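Below is one structure, written out as structure tokens, with a few remarks after it.
The values are calculated or read from the model by the stated rules, or taken from the named source; none is laboratory data. Bear in mind that the values here come from a model prediction, so they are computed numbers and not experimental data. Keep in mind that these areas ignore ligands, DNA and RNA; they rest on the heavy atoms of the full protein, side chains included. Shrake-Rupley method; radii C 1.70, N 1.55, O 1.52, S 1.80 Å.
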Amino acid sequence: METERNLPPPSSRWLWLYFVLAAFSLLTISFSLYSNHRLVAVYTESLRVNAEWSHRQNRYAALDQLAGAVNAPGNDVFASHDADGESRRVETALAAFNQAFAEARDDLATLAPNEATPLRDALVLVRRTMDAMHAEAESIFGFFRSHRPDQAGERMASMDRKYAHLHNAIARLNRNVRE
């Protein structure tokens, strides 16, 4: 009987159980709110990163379009026979390409080195192939200026190959972004 005297009355035992269950409920709700907050933060960061990489991929797609604009006058000169006018078009298109290229290159500074290195290597290849294609276009214009359209025509296939290499280099850049 003495052990019964040390026990709290039955109603107070239920009161303790009520407090334990209430504390458990508060703990569960707190943990749920914290987990929800973390999940929303991860989702928000994921959206930001995906938007950043999507923007980067759009930037490289624009480079491809600008490369086509640099290539076009080298082809168009055969129809227009205006080497000086087409050369000005190339220089204008090349300036736009160079601006977009510089922005793409500068954007790499925001990336971690392991992410930036493959993109930087691909951009180096894009730069080299653009320089080669531009030099080929200028040689075609030079042949037209010196009234040697046959030799310009012979260089046209070489310029088209260089443009194909440039297009492939930009495609590699886009693959690196997707990876």
Using the Karplus curve 6.51 cos²θ - 1.76 cosθ + 1.60 with θ = phi - 60°, what ³J(HN,Hα) values do you get for each residue of the stretch 136-151, in whole Hz, with x for Gly and Pro?
5, 4, 5, 5, 5, 4, x, 5, 5, 5, 8, 6, 10, x, 5, 5
Under the Karplus relation 6.51 cos²θ - 1.76 cosθ + 1.60, θ = phi - 60°, what is the ordered set of whole-Hz ³J(HN,Hα) values for the stretch 130-135, x standing for Gly and Pro?
5, 4, 5, 5, 5, 4
Relative contact order (percent) for the chain, with alpha-carbon contacts under 8 angstrom and 6 or more residues of separation?
26 percent
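Could you work out the relative contact order of the stretch 84-175? I mean the mean sequence separation of Cα pairs under 8 Å and 6+ apart, divided by the number of residues, in percent.
Values: 52 pairs, mean separation 30.3, N = 92.
Worked out over the stretch 84-175, it gives 33 percent.
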Column: log10 I(q)/I(0), Debye, Cα scatterers of the stretch 21-107, q = 0.14, 0.23, 0.26 Å⁻¹:
-0.67, -1.02, -1.12
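On average, how much accessible surface per residue is there in the chain, in Å², for a 1.4 Å probe, leaving out ligands, DNA and RNA? Write down the numbers at each step before the final one.
Values: 11590 Å² over 179 residues.
Averaged over the residues of the chain, the accessible area is 65 Å².
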Have a look at 11, 146, 87 and tell me which one the Gaussian network model of the chain (Cα, springs below 10 Å) gives the largest fluctuation.
11
So how do 45, 179 rank on accessible area, 1.4 Å probe, biggest first, that is with the largest at the start?
179, 45
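State the extension gain, in nm to one decimal, for the chain segment bounded by residue 81 and residue 11, taking 0.36 nm per residue of separation less the distance between their alpha-carbons. Intermediate results must be reported in sequence, preceding the final value.
Numbers: separation 70, 0.36 × 70 = 25.20 nm, distance 10.40 nm.
Roughly 14.8 nm would be gained on extension.
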Pairwise over distinct Cα atoms, reciprocal of the mean inverse distance: report the Kirkwood radius of the stretch 110-179 in Å, one decimal place.
13.4 Å
Can you tell which of 39, 26, 63 shows the greatest fluctuation in a Gaussian network model of the chain with Cα springs below 10 Å?
26
How much length, in nm to one decimal, is gained on full extension between residue 55 and residue 127, taken as 0.36 nm per residue of separation minus their Cα-Cα distance?
23.9 nm
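Rounded to two decimals, what is the ratio between the C-alpha radius of gyration of the chain and 2.2 N^0.38 Å?
Working: Rg = 33.1 Å, N = 179, 2.2 N^0.38 = 15.8 Å.
This ratio for the chain stands at 2.10.
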What part of the accessible area of the chain, given as a whole %, is carbon or sulfur when the probe is 1.4 angstrom?
60 percent
